[in-house]
1. What's the number of the condition LEU41 fails, among (1) of a type in the set (A, V, I, L, M, F, W, C); (2) at pLDDT below 95; (3) in contact with a helix residue (DSSP H, G or I) (Cβ under 9 Å, 6 or more places away or on another chain)?
2. If you take the residues in the range 1-25 that are assigned to a loop (DSSP other than H, G, I, E, B) and either touching a strand residue (DSSP E or B) at 6+ places or on another chain (Cβ under 9 Å) or acidic (Asp, Glu) (or both), which one is surrounded by the most Cβ atoms within 10 Å (Cβ to Cβ)?
3. Under 8 Å between Cβ atoms, at least 6 apart or on separate chains: pull out the pairs that start in the range 27-47 with a residue that is over 18 Å from ALA17 (Cα atoms) and end on any residue that is among the basic types (Lys, Arg) and part of a helix (DSSP H, G or I).
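The values are calculated or read from the model by the stated rules, or taken from the named source; none is laboratory data. Note that this is a predicted model, so its numbers are computed, not measured. For neighbour counting, all protein chains shown are included, and Cβ atoms are generated from backbone atoms with ideal geometry for every residue, glycine included.
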Amino acid sequence: MPRDAFLLRLDPKVLSALRRWADDDMRSVNAQVEFLLRRVLQEHGRWKPLDGEPVAQPPRRGRPPKE
């Protein structure tokens, strides 16, 4: 499926934080934005992945289980 391109204007501080996060996750800024948007869309029931498409898991909340 072809991808659409569009201009996204961000506050410089937001872009800087996004770049650092993308670097930490070894992603491009573009891939990080798409990853985050998909995750938020899934969390809010706005995204239904197609067959065979990976589903981003939301972070677990609360205390980690005792071992």
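1. (3)
2. ASP25
3. Every condition considered, the pairs that remain are TRP47/ARG38.
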